[in-house]
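The values are calculated or read from the model by the stated rules, or taken from the named source; none is laboratory data. Owing to the predicted nature of the structure, the values given are computational and were not obtained by experimental measurement. Please note: Cβ atoms are built from the backbone with ideal geometry, for glycine as well, and neighbour counts cover all protein chains shown.
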Amino acid sequence: MTTLVYLLPVALFLGGLGLSGFLWALRSGQYEDLDGAAERILIDRDDEPER
Amino acid sequence: MSCCAPGAEMALDVAGAASVLPSSQEIKLASRPLGGDLYQTDLSVPAVHCAACIQTIETAIGKLNRVEGARVSLSTKRVSVRWRGDEVPSFVAALGRLGYQAHLFDPVIDEKDKTLSELIRAVAVAGFAAGNIMLLSVSVWSGAEGATRDLFHWISALIAIPALAFAGGIYFRSAWNALRHGRMNMDVPIAVGVSLAYAISLYETINHGDHAYFDASVSLLFFLLIGRTLDHVMRERARTAVKGLSRLAARGAMVLRGDGMRDYLPVGEIEPGMQLLIAAGERIPVDGNIVEGSSDLDCSLVSGESTPRTVALGEKVQAGTLNLTGPLTMAATAAAKDSFLAEMVRLMEAAEGSRTQYRRIADRVSALYAPVVHLTAFLTFLGWMAATGDWHKATTIAIAVLIITCPCALGLAVPIVLVVAARRLFESGIMVKDGSAMERLASVDTAVFDKTGTLTLGRPHLVNASSIDPTMLAIAADMAAHSRHPFSRAIAGFAGFSGQPKLESFSEYPGFGIEASGAGNTWRLGRRGWAGWKARTGGEGKLSGSGGTVLSRNGIISASFAFKDALRPDAKAAIEQLKDAGLSVEMLSGDTAKACSEVAETLGVDRFVPAMLPSGKVKQIETLAKDGHKVLMVGDGLNDTPALGAADVSIAPATAADIGRNAADFVFLRESLLAIPFALDVSRKAGRLIRQNIAIAIIYNAVAVPIAILGHVTPLIAAIAMSASSLLVIGNALRLHGFALAEATSAPSATRSGIRAPVQQS
């Protein structure tokens, strides 16, 4: 019974963390171009002018 | 650019004959100021489809002068460019050089989709709440007792509050809206069920009862919201795709001021009396008279005439027609709001207003369902009161009846099928813009087609190429490449032979043709009377084509060309399939009787009416509707728009006029007309699945309700029964995908030319 005192808040806190993480991602526009995000990982980001 | 070959995969040549780069004034008009001298321009680039495209475009545009940055969105196939200064950087031309065709679209629609983000947020909150409450409920079901159980119930009650307030709000508002207008929709029983379940659970919790339904009430919301969100996403995707199509109406025009100044004004600010300069390749923005110049006008979008009209000084021109060959100066006689286009919009709105309002299947079912359910719950309450006299027990059982009948399966039965069906259509290049459109399409028995641009492609096609001397054809093709006239475009397609005399000094005479000289000869390609000024006959003088287009050397006719409006690919097969599906097919056209009867005969169309005015088309459809027919209208022109509004359901090709595309329920992006029987087929199957799903939901109720009335329902049983019925309904809906796959393998002909495999699976 006493373990519940820790476990319940911990469970709710973790759940809440996930939820707020999702809402943050949503607000910062990370779900706006899902197809593009999938393709962009293929782009090389080295800034050297010529190879 | 190595891997992409843009444009090759999507057989979508919307711009077609009218592909002109938007002028920099036009781009500026469509740009959004971001403060300071920073502007943002959004362009639709349909050919973007991979990482290499993104990189090529972003680096190439980013290098341009005064461009701050460019960002490609692959989902919407758009590029947004941020730039500084007064002059518009030449990013459209830069895109063109890379091989990507870009065009502007209406900037107003670029607002963020508020409903979608609200729905997604609601799903997230409801999902969080449902997960946590379910965790606590499982502990209760597996034997938590006394104080522990009460604690769990209290925590569940707390978690459920934000879920109900935030996620449930969508349903409460919709239900309240329906009730206030004296209507009934599926959200009413949902709202009643959810809130009563919460209320009784709270009451039980306060009184240390052992049954609480917090999990049922929140997970119900979670499931329903998922269905609703998917539905919204699907429709929004279709809308975005349609809005990304190139705009066909003029956005503005160059106005010639009295003092010789030139100003680019948006269409809305053009007033009668102003002098407008219309370059070749631009659309006429408002009605007016020509005060200088002569040209050919493509009226196919406005009146349905397939042959371009030659216009000269003093003649009237209608808004929406496309100036093909020569620059014109015109005096506006009407403002945009009084022009032909605006008149069509008014006619369409009138037609839509008189159309009977369609009631969706789900609403019709819920209008029967909700009273029955609520009455059953009430009778259960009375029954238990009479039998036991225990007020508390009677209420609990009555509410258990309401909870178990809460239409989770019914609420999902329709949207989930529509989502699967809309996705099938989307992959085949058919956009569904309205949820009820598929239900309406499934019930049609008459299909009415427009001719020009719908059954035909609205662009001429050379029919006697094989009987023309190849050298002459090559010369003609060489000359034709210098003109934008549709006939020239048709001839220019035959270029590629070598060895013909080299021509130079091409000049185009608007309304007549093209002249060029080479090796001491003067060549003319154009009207018979103008080109063959000396001749009685040349080689093949007898073969007079439409408009009598000929090629002449020094005034002597050496070849003549015959044109026909090319039929859309698979038009005949599509009409046959529609007939096999039990539809009667009619054609209403603004074109001449001769052109109509040829097309009708080739395609096997039962009935046709030529030379129709826009209001005539509406009348014809209203007559059909009065005789009890359900009419499908397929059309593309401005003159079809009122008819599109009047019909029970409407389909437009991607090449249709802007307002036509917006008015239509479906828009198909590929050229093949097989899209129409395919849409009909999917809609009918979807209709069948919707009925099955509703039947499943009702059978589930028939089994569950007696158990509930007898008072045997516990929260565990309710949770299992509701999830099981929802899964059953979803599984049944997914069969639509299975149908389609089975057919694709058994009937490859349908996928061969028209309904091509999806370009990219996302």
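Of all residues in region B:148-161, count the ones that are under 48 Å from the mean Cα position of the chain (by Cα) and either more than 10 Å from every other protein chain (Cβ to nearest Cβ) or modelled with pLDDT under 90 (or both).
4
So B:Ala144 passes all but one of these: (1) more than 13 Å from chain A (Cβ to nearest Cβ); (2) hydrophobic (A, V, I, L, M, F, W, C); (3) outside any helix (DSSP H, G or I). Which condition number does it fail?
B:Ala144 satisfies all of (1) more than 13 Å from chain A (Cβ to nearest Cβ); (2) hydrophobic (A, V, I, L, M, F, W, C); (3) outside any helix (DSSP H, G or I) except (1).
List the number of the failed condition for B:Val242; all other conditions in (1) on the phi > 0 side of the Ramachandran plot; (2) crowded, with 18+ Cβ neighbours inside 10 Å hold.
The number of the failed condition is (1).
Anything in region B:23-43 that is touching a Lys or Arg at 6+ places or on another chain (Cβ under 8 Å) and within 19 Å of B:Gly281 (Cβ to Cβ)? List them, or say none.
B:Glu26, B:Leu29, B:Ala30, B:Leu43
Could you tell me whether region B:403-424 includes any residue that is more than 30 Å from B:Arg440 (Cα to Cα), in contact with a helix residue (DSSP H, G or I) (Cβ under 8 Å, 6 or more places away or on another chain) and either surrounded by fewer than 19 Cβ atoms within 10 Å (Cβ to Cβ) or not assigned by TED's automatic domain parsing to the domain that holds B:Ile190 (or both)?
Scanning region B:403-424, I find no residue that is more than 30 Å from B:Arg440 (Cα to Cα), in contact with a helix residue (DSSP H, G or I) (Cβ under 8 Å, 6 or more places away or on another chain) and either surrounded by fewer than 19 Cβ atoms within 10 Å (Cβ to Cβ) or not assigned by TED's automatic domain parsing to the domain that holds B:Ile190 (or both), so the answer is no.
If you go through region B:291-350 one residue at a time, how many are touching a helix residue (DSSP H, G or I) at 6+ places or on another chain (Cβ under 9 Å), closer than 18 Å to B:Gly281 by Cβ and among the acidic types (Asp, Glu)?
Going through region B:291-350 one residue at a time, the tally reaches 2.
Quick check, is B:Pro371 surrounded by fewer than 17 Cβ atoms within 10 Å (Cβ to Cβ) and within 20 Å of B:Tyr700 (Cα to Cα)?
yes
Testing B:Gly320 on (1) farther than 30 Å from B:Val194 by Cα; (2) surrounded by fewer than 19 Cβ atoms within 10 Å (Cβ to Cβ), one condition comes back false. Which one is that?
Answer for B:Gly320: the failing condition is (2).
Would you confirm, using the coordinates I've provided, whether B:Gly453 is on the phi > 0 side of the Ramachandran plot, crowded, with 24+ Cβ neighbours inside 10 Å and touching a helix residue (DSSP H, G or I) at 6+ places or on another chain (Cβ under 6 Å)?
So B:Gly453 does not fit the description; no.
Pairs only if they're at least six apart or on different chains, beta carbon under 8 angstrom, first in region A:1-28 and facing chain B (nearest Cβ under 7 Å) and closer than 14 Å to B:Ala122 by Cα, second β-branched (Val, Ile, Thr) and assigned to a helix (DSSP H, G or I); list them, first residue then second.
Once the first residue is facing chain B (nearest Cβ under 7 Å) and closer than 14 Å to B:Ala122 by Cα and sits in region A:1-28, its partners that are β-branched (Val, Ile, Thr) and assigned to a helix (DSSP H, G or I) give A:Leu19/B:Val125; A:Leu26/B:Ile120.
Kindly indicate which of B:Gly548, B:Gly582 is surrounded by fewer than 24 Cβ atoms within 10 Å (Cβ to Cβ) and either without any contact (Cβ under 8 Å) to a residue 24 or more places away in the chain or among the acidic types (Asp, Glu) (or both).
That would be B:Gly548, the only listed residue that is surrounded by fewer than 24 Cβ atoms within 10 Å (Cβ to Cβ) and either without any contact (Cβ under 8 Å) to a residue 24 or more places away in the chain or among the acidic types (Asp, Glu) (or both).
Determine which single condition B:Ala165 fails, assuming it passes every other condition in (1) outside any helix (DSSP H, G or I); (2) at negative phi; (3) more than 14 Å from chain A (Cβ to nearest Cβ).
(1)
Look at B:Ala559 and say whether it is modelled with pLDDT of 85 or more and small (Gly, Ala, Ser).
No, not satisfied.
Of these, B:Ile659, B:Ile696, which one is in the same structural domain as B:Ala719 (by TED's automatic domain parsing) and touching a residue at least 12 places away in the same chain (Cβ under 8 Å)?
B:Ile696
Exactly one of these conditions fails for B:Leu119: (1) touching a Phe, Trp or Tyr at 6+ places or on another chain (Cβ under 9 Å); (2) under 30 Å from B:Leu230 (Cα atoms); (3) within 14 Å of another protein chain (Cβ to nearest Cβ). Give me its number.
(1)
So, B:Phe487, is that one modelled with pLDDT of 80 or more, buried (at least 24 other Cβ atoms within 10 Å of the Cβ) and either in the same structural domain as B:Arg524 (by TED's automatic domain parsing) or charged (D, E, K, R) (or both) or not?
yes
So which of B:Leu74, B:Leu119 is without any contact (Cβ under 8 Å) to a residue 40 or more places away in the chain, out of contact with any strand residue (DSSP E or B) (no Cβ under 8 Å at 6 or more places or on another chain), buried (at least 19 other Cβ atoms within 10 Å of the Cβ) and not assigned by TED's automatic domain parsing to the domain that holds B:Ala657?
B:Leu74
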